[in-house]
Amino acid sequence: MIRYEEFAAHVAEVRARIDAACVAAGRAPCSVTLLPVTKSHPVDAALYAQRNGFAAVGENRVQEAAEKRPLTPAGLRWELIGHLQSNKARLAVATFDRIQSVDSPDLAKRLDRIAGEAGKNLPVLLQANAGADPAKFGADFDGLAALLDAALSCPHLSVEGLMTIAPLDDHPDVARRCFDNLRSWRDALAGSRKVALPELSMGMSGDLEHAIAAGSTMIRVGTALFGAREYPAAGPA
Ligand SMILES: *Cc1c(COP(=O)(O)O)cnc(C)c1O
């Protein structure tokens with residue numbers, strides 16, 4: 001694990017990139033939130049983030065977050081950014097303040113039922129595969145429309161926006177097209193359903209400039225803040 005001072009220097013570097021991208025796009029720097037991704041790092045990563053003033057951290061596996069969260073102060077929020085298997089839905093609702101990876105109507109309905117049983121309202125983002133990447137979870141445009149309709153009919157879910165992960169590709173046009181798609185899908189669905197969907201969670205360390213140009217409101221960054229992951233990914237979330 002890197003030292004706190006190194007982490008703080010990385011935060012300043014990433015924030016400078018975000019601010020420059022906002023200026024280039026004619027956007028206010030405060031319109032983009034940086035979400036530190038603490039997966040595959042010890043709990044210290046979340047403690048660093050909290051000490052630096054971050055309100056939330058992102059994790060991609062339910063079990064890992066469930067183990068770390070009790071070791072951190074209550075004020076820190078936890079967001080799930082990885083694929084959620086239905087058999088982990090109950091633990092996910094108990095562990096996370098927001099789930100960014102809702103990718104099917106069945107999962108939305110299951111989360112709604114569990115949140116209702118727990119007497120909670122669960123904020124969610126709907127995950128779209130806006131880059132048409134066979135290696136990624138998430139809905140295509142038609143699937144996203146159906147998913148949104150299902151989620152909007154769930155009384156215990158608050159649909160706050162959309163999330164996507166760009167395909168891994170060296171050519172910047174690939175990520176740019178993916179982010180432009182998510183933005184236009186959001187605009188189309190917000191218009192036809194008369195809902196706001198303000199959050200667009202898109203962009204990581206390598207492609208945050210493109211994401212901000214396309215309207216991202218949340219950049220998810222792990223490696224550029226905390227260094228290389230310390231333990232490899234196990235199975236899916
Ligand atoms: C791991 C992860 C990130 C952060 O990736 P880095 O390459 O470590 O910056 C962002 N979003 C999702 C969905 C992730 O799983």
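The values are calculated or read from the model by the stated rules, or taken from the named source; none is laboratory data. Values in this document were obtained by computation on a predicted structure and should not be read as measured data. Positions of Cβ are backbone-derived with ideal geometry, glycine not excepted, and every protein chain shown enters the neighbour counts. Surface accessibility is based on the protein's heavy atoms, side chains included, excluding ligands, DNA and RNA. Shrake-Rupley method; radii C 1.70, N 1.55, O 1.52, S 1.80 Å.
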**OP:** Please arrange Thr95, Thr33 by accessible surface area, largest first, computed with a 1.4 Å probe and ligands excluded.
**Re:** Thr33, Thr95
Subject >> Helix-only CD estimate at 222 nm, as mean residue ellipticity for the chain, using -39500 (n - 2.57) per DSSP H run (n ≥ 4) >> reply: -13000 deg cm²/dmol
Original post:
Residue-wise, which Karplus ³J(HN,Hα) couplings in Hz belong to region 210-222, taking 6.51 cos²θ - 1.76 cosθ + 1.60, θ = phi - 60°, and x for glycine or proline?
Top reply: 5, 5, 5, 4, 8, x, 4, 10, 8, 9, 9, 10, x
Original post:
Val32 accessible area, nearest 10 Å², 1.4 Å probe?
Top reply: 10 Å²
**OP:** Report, in debye and to the nearest 20, how large the dipole of the chain comes out about its Cα centre when Lys and Arg carry +1 and Asp and Glu carry -1 on their Cβ.
**Re:** 580 debye
Subject >> Exposure of Cys30 as accessible area (Å², to 10), given a probe of 1.4 Å and all protein chains >> reply: 120 Å²
Original post:
So how exposed is Asp207, as accessible area in Å² (1.4 Å probe, rounded to 10)?
Top reply: 30 Å²
Original post:
Given +1 on the Cβ of Lys and Arg, -1 on the Cβ of Asp and Glu, and no further charges, what dipole in debye does region 21-83 carry about its Cα centre, rounded to the nearest 20?
Top reply: 120 debye
Subject >> Options Gly131, Ala115, Val221, ranked by Cα towards positive dipole end of region 4-226, top entry (Cβ charges) >> reply: Ala115
Original post:
Within a Cβ distance under 9 Å of Gln127, other residues only, what is the Lys/Arg minus Asp/Glu net charge?
Top reply: 0
Original post:
Which percent of Cα-Cα pairs in region 131-199 sits in each 10 Å bin, short to long?
Top reply: 19, 51, 25, 5, 0
**OP:** State to the nearest 20 debye the size of the charge dipole of region 88-203 about its Cα centre, where the only charges are +1 on K and R beta carbons and -1 on D and E beta carbons.
**Re:** 420 debye
Original post:
Hey, which lysines would be in cross-link range of Lys194, C-alpha to C-alpha under 27 Å, not counting anything within fewer than 8 residues on its own chain?
Top reply: Lys109, Lys120
**OP:** Would you mind telling me which residue in Ala211, Ala166, Ala135 has the biggest mean-square fluctuation in a Gaussian network model of the chain, where springs connect alpha carbons within a distance under 10 angstrom?
**Re:** Ala135
Original post:
Sorting Arg90, Arg98, Arg186 by accessible area (1.4 Å probe), largest first, what list results?
Top reply: Arg90, Arg186, Arg98
Subject >> Descending principal axes extents, the chain, alpha-carbon based, whole Å >> reply: 46, 40, 31
Subject >> Built amide H within the under 5 Å cut-off of Gly161, gap 5+ >> reply: Leu126, Glu199
Original post:
Excluding ligands, DNA and RNA, what is the solvent-accessible area per residue of region 4-226 at a probe of 1.4 Å, expressed in Å²?
Top reply: 41 Å²
Original post:
Of all the accessible heavy-atom surface of the chain, with the other protein chains kept in place and a 1.4 Å probe, what percent is carbon and sulfur?
Top reply: 54 percent
**OP:** Give the value in nm², to one decimal: projected area of the alpha carbon convex hull of region 44-169, averaged over all directions.
**Re:** 8.2 nm²
**OP:** Taking every pair of alpha-carbon atoms in region 41-88, give the share separated by more than 18 Å as a whole percent.
**Re:** 24 percent
**OP:** Could you let me know the centre-to-centre spacing of region 90-105 and region 159-200, using Cα atoms, in angstrom?
**Re:** 20 Å
